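One structure is given below, encoded as structure tokens.
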Amino acid sequence: MSDESLSELSVPQARRGGFRFPSAVTTLVIVTVLVWVAALFIPPGQYATDADGSPIPGTYERIDSPSPSASGSSSWCLRRSTASMGC
């Protein structure tokens, strides 16, 4: 083969500059922050469940915020612990 044909078959060099996909840790941090921000806007609620633990359609109800700092008290935690669900 000639030198000219070898240069055509060689792998192109990586672009310098431009967009590089972030590392796995950076991607995980970005996703974690996005989920945290989304959780601030999604209203808390729960479904009634059957014996298997599957949610029953149409039984969704809003509950108080589970965060003691958001509601000003830990009443949610007390209600949940009395239902043997833990806090």
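The numbers here are math on the coordinates, done by the rules we state, and not lab data. All values reported here derive from a predicted model rather than from experimental measurement. Cβ sites come from the backbone with ideal geometry, for glycine too, and all protein chains shown count toward neighbours.
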Hey, could you check the range 34-49 for residues that are surrounded by 10 or more Cβ atoms within 10 Å (Cβ to Cβ) and in a loop (DSSP other than H, G, I, E, B) and say which is nearest to the chain's Cα centre (by Cα)? 44
For the range 17-33 the number of residues that are loosely packed, with under 10 Cβ neighbours inside 10 Å and either assigned to a helix (DSSP H, G or I) or among the acidic types (Asp, Glu) (or both) is 2
